[in-house]
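Data block below; observations after.
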Amino acid sequence: MTQALYRRYRPQSFADIVGQSHVADTLRNALRQQRIGHAYLFTGPRGTGKTSTARILAKAVNCLAADVDDRPDNSCSICQAINESRLLDLIEIDAASNTSVDDVRELRDRVAFVPNEARYKVYVIDEVHMLSTSAFNALLKTLEEPPEHVIFILATTEPHKIPATVLSRCQRFDFHRISSQDIIAHLQEIARREGVQITPEAVATIARSATGSMRDALSLLDQITSYGHVEIDVDLVRDVLGMVSGEAVSQLADALAGGDPATVLMQLHALIEQGVEMTQLVVQLIEHLRLLLLLNVGRDARLVDLPASMVTKMTTQASAFQPAQLLHTIRTLNDAALALKTPFAGYLPVELALLDAVGVREQPVLPAAPVTVPAATPVAAKAQPQPRAHTQSPVKAGPQRPQAPPATSSPAPAGDAHLQKLWDEVVARAGKYSPKTQAVLRGGRPVALVKDELVISFQYSFHLETTQSEIETVSKVVAEVFGRPLVVRPMDEKTTAQYVASLPPEALPSPPPSAPPTASAEPVPTPADDPLLRMAVEDLGAQVKSTDPKQA
Amino acid sequence: MPTDDIIHVYGHRWAQDLLRAAVLARRTSHAYLFTGADHIGKTTLARAFAQALTCTSPGEQGLGGCGQCRSCHLAALQAHPDHRSIVPEKGKIRVDAVREIIHEATLSPIEGQFKVFIITAFDRANPNAANALLKTLEEPSASTRILLISSQSANLLPTITSRCQIVNLRPLSTETVARALQENWQVPTELAQLLAGLSRGRLGWAVEMATQPAAWESYQLQFQRMQALPRQGVVERMTLAAELARGDDIESILQPWLLFWRDVLFLQQTGPQLVLHRDQLSALQDLAQRTQPAAVRRFLAALMQTATYSRQNVSLQLAMESLLLKVPVSS
């Protein structure tokens, strides 16, 4: 009967323990100096070697080898008995299934008896965090002053659940996550001993997905070896994990940079049809975008740990994005990864996140926005794709969020459509000169055109500053679109608000004659002014007749 | 269905190959965790694997069960004495049930080589129950095989998952689902295509729709209800909310709605290529033109939030009322 790899290759001596030298060295020194504690607490994440170290320590204190440095020698009768788990003096207790105070009382009664054959009776209490409070308390006295011949080793993944009174009676050892390099080396060693051919890239992929747990890594290796392939390559590993190739992720990023929602989603669906694991895909995409962000912001290839050939390609790709856009996409995808757990939603959260990342676009064929629904919402959403409609609780996501554009700087009402259209044209044309400028201009919103002055408001200072530094290009494009040279004045939202307030009312764009009748009869207040009003209009289908309390 | 007693699994080729290879090479692991969305085929795969494990002459087909021997026959009838199936009682897996497993896992198999435990919806195990299983899951007796199943594997303790070989099932391709529906459930091509798309790769769901007329009718009813909602007033919405809250299967309500508005949003933002409800294209297109994308997105977020609420302790009627008030208004 074959055993799982992680059981077969459990470390058997201190030298075998991977990545926990701080623990192994300390314990070895304690042995050498005959300063063995009576109670130890091993804590750390899963698969880092707690149970294994406990068994090794049990062997070492009882080993019959003459030289202390050789202990455990794994050849004396005691070591062998432990390796075959038949030593009466090593008592392993599963605290998770023996949680009650009665179990501890029984243990306490037996502690008094001297060992059968070994020097010490070693109690290994695994998953000790599951003991009940009274069980812990019943253990306290024994743990503080056990008989000479008893050693307690408590092991747990959740040290915060252990009472302080227990903690203070134990020597505590914290096991760390094992580094990828250590896992890779260990996996390669085991593959060699098992006679399994495995490519370095495959090993690295396994190690990365194990996130510091040796048991996870070995389970995965075990699973993949059971395919029975002659050589394990990275494709096989990806197949089992449901990962996609770096190439596919890169293409998806290209599509995101391209800005066409249909292309992005078609690619996503192609990947889904291939049977990709959604969470993995999101993680991979986020990782890729993170690298692009590092290249984009740092402009230094040393920041990323990639082969030179990849760096060139990724730098090119990075330049197609704006840092703000990358940040926004990463955040949105992060939210989507969490939202994937939503029941019945399937991979909808990812679809929505990618749509959001590309930017909300309206179809040009749409009829004019209905009277009661302010043009403000779609325009604002287009200008600064905010994740507000996404994955948040309805209470927060509702339009009553205080962050909704403040009244003064709210996009001008429907009458502004003409200016907005011209501005869209500016943004579109700017792409010819520099995709970077185009991207920052997308973050801008035309506020007013007064005589020869075009005021553009920016929500993010990054967009504002970049536009200011590119003002020549922007002016050129604006002149092209508007048919005359204009002074372009980029502003942040606060300045805009002050500016707008200082303008005489007739300077603001007036509603075009084609505006809907109710709007022209009396200036209907933008529902954005009042969150309650906005909810009434957008969600309940109300119509704004008047906001004057006297009239109501 | 095939005439022999092989438990058939569609798709998930890689998982089938993996498990069969392990069976044939006699190197199956002591614990497996089958994860993936609901109705994706986890339990079927686990049952087929259990059949292969206890089969007396495993072969190259499917997961390895021969479908001829007495063992396979019993497994197909779900009457194998060495197969133990554990399902949540009243929505929970309790520590007593786990203690029973721990005890039984120490006993020898009755018929063959292995005793196989299939534990469904293990995410429903409370912390005590999950922790109680840890040691058994790590080093059970040589003749024990534990197969855990969970659609919410993120809710499992990391100490549980790291002790198992994880078989994470992904959605099947639309084509696989459509083909399976046509071949084995004799679904007409057009309907098969439609259901395959709507199932989003979950064959179990598509089969349920295809074989239980009531389920498919209910789906269409919810679709039509949602179609009418954007034009309806508060009173009608409240009445509907009260009615819906009385039913207990919230999934059969929310899922059609999620896909409905997803399609509307996709029509607004990417065009018709990726729309799932192909049969309702014109109606959806009409709505797409009459609603605001931002409002649709907000509603989708609200739908997902309600789906999350439905798994928590909330008043269903309040949740429904609040949801229906948010249905985007059509002009």
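Taken together, the values in this text are just the output of simple stated rules run on the coordinates, not laboratory data. Everything quoted here is computed from the prediction, not taken from an experiment. All Cβ positions, glycine included, derive from the backbone under ideal geometry; neighbour counts span all protein chains shown.
Which value, in Å³ per residue, describes the convex hull spanned by the Cα atoms of the stretch B:272-331?
102 Å³
Sorted from largest down, give the three principal axis spans of the alpha carbons of the protein assembly as shown, whole angstrom values.
101, 65, 57
Distance in nm between label sites at A:Ser134 and A:Lys161, each 7 Å beyond Cα in the beta-carbon direction?
Modelled inter-label distance: 1.9 nm.
Quick one: which residues, 5+ away or cross-chain, put their amide H under 5 Å from the amide H of A:Val487? H built at 1.01 Å from N.
A:Glu453, A:Leu454
Check cross-link reach from A:Lys341 to the lysines: straight Cα distance under 23 Å, and skip same-chain residues fewer than eight apart.
The qualifying lysines are A:Lys396, B:Lys42, B:Lys90, B:Lys92, B:Lys326.
Can you give the net charge of the other residues whose Cβ lies under 15 Å from the Cβ of A:Ala65, counting K and R as +1 and D and E as -1?
For residues surrounding A:Ala65, the net value is +1.
First select every other residue whose beta carbon is under 15 angstrom from the beta carbon of A:Gly44; then total the charges, Lys and Arg +1, Asp and Glu -1.
My count for the surroundings of A:Gly44 gives 0.
Given the rule -39500 (n - 2.57) for each run of at least 4 DSSP H residues, summed and divided by the residues of chain B, what is its mean residue ellipticity at 222 nm, to the nearest 500 deg cm²/dmol?
Per the formula, -16500 deg cm²/dmol.
Translational diffusion coefficient, Stokes-Einstein: compute it for the stretch B:212-325 using the Kirkwood radius over C-alpha pairs as Rh, at 25 °C and 0.890 mPa s, and state it as an integer in µm² s⁻¹.
D = 169 µm²/s.
Just to be sure I understand: of the beta bridges DSSP finds with both ends in the protein assembly as shown, what percent are antiparallel, rounded to 5?
15 percent
Please list, ordered by chain and number, the residues whose modelled amide H lies under 5 Å from the amide H of B:Gln165; skip anything fewer than 5 residues away on the same chain.
B:Ala31, B:Tyr32, B:Leu33
Between B:Gln227 and B:Leu77, how high is the FRET efficiency from 1/(1 + (r/R0)^6) when r is the Cβ-Cβ distance and R₀ = 41 Å? Nearest 0.05.
E between B:Gln227 and B:Leu77, to the nearest 0.05, is 0.40.
Would you calculate the separation in nanometres between label points at B:Val234 and B:Asp249, each defined as 7 Å from the Cα along the Cα-to-beta-carbon direction?
3.3 nm
Against the 2.2 N^0.38 Å scaling, with N counting residues, where does the stretch B:236-289 land? I'd like the Cα-based Rg ratio to two decimal places.
My calculation over the Cα atoms of the stretch B:236-289 gives 1.33.
Taking other Cβ within 10 Å of each residue's Cβ, how do B:Ser315, B:Ser252 sort, fewest first?
In increasing order of surrounding Cβ atoms, one gets B:Ser315, B:Ser252.
Which one, B:Leu259, B:Leu19, B:Leu318, has the greatest fluctuation when you compute a Gaussian network model over chain B with C-alpha springs under 10 angstrom?
B:Leu318
Which value results when the Cα radius of gyration for chain B is divided by 2.2 N^0.38 Å?
Working it through for chain B, the quotient is 1.13.
Add +1 for every Lys or Arg and -1 for every Asp or Glu among the other residues with Cβ under 10 Å from the Cβ of A:Val264, and state the total.
Surrounding charge for A:Val264 is -3.
What does the average come to when, for each residue of peptide A:221-233, you count the partner chain Cβ atoms lying within 10 Å of its Cβ?
For peptide A:221-233, the averaged partner shielding equals 4.
Determine Rg/Rh for the stretch B:140-270; Rg is computed over alpha-carbon atoms and Rh is the Kirkwood hydrodynamic estimate from the same atoms.
Across the stretch B:140-270, the Cα-based Rg/Rh ratio is 1.08.
Roughly how many whole Å is it from the C-alpha centroid of the stretch B:56-103 to that of the stretch B:132-176?
Distance between centres, Cα-based: 15 Å.
Please report, largest first and rounded to whole Å, the three semi-axes of the ellipsoid equivalent to the stretch A:1-120, where each semi-axis is the square root of five times an eigenvalue of the C-alpha gyration tensor.
Over the Cα atoms of the stretch A:1-120, the semi-axes work out to 22, 19, 16 Å.
Kindly give the semi-axes, whole Å and largest first, of the ellipsoid equivalent to the stretch A:246-358, taking each as the square root of 5 times a Cα gyration tensor eigenvalue.
Values for the stretch A:246-358, descending: 24, 14, 13 Å.
Tell me which residues come under 5 Å, amide H to amide H, from A:Ala448 once H is placed; ignore anything under 5 positions away on its chain.
Amide H to amide H, under 5 Å and 5 or more residues apart or across chains, A:Ala448 pairs with A:Val455.
I need to check one value: relative contact order of the stretch A:5-174, counting alpha carbon pairs closer than 8 Å and at least 6 residues apart, in percent.
Here the relative contact order equals 29 percent.
Say each of A:Asp102 and B:Glu190 gets a label point 7 Å from the Cα, pointing the same way as Cα to Cβ; how far apart are those two points in nm?
6.8 nm
So what's the stretch B:13-168 giving for Cα Rg divided by 2.2 N^0.38 Å, two decimals?
Taking the Cα Rg and dividing by 2.2 N^0.38 Å, one obtains 0.96.
Expressed as cubic angstrom per residue, what is the convex hull volume of the alpha carbon set of the stretch B:65-133?
93 Å³
What FRET efficiency comes out for the pair A:Gln33/A:Val487, r = Cβ-Cβ distance, R0 = 60 Å, nearest 0.05?
Here the calculated transfer efficiency is 0.15.
If I take R0 = 56 Å and measure r between the Cβ atoms of A:Leu422 and B:Ser315 in this structure, what FRET efficiency does the formula 1/(1 + (r/R0)^6) give, to the nearest 0.05?
0.65
So if I take the centroid of the Cα atoms in the stretch A:424-438 and the same for the stretch A:141-217, what is the distance between those two points in Å?
55 Å
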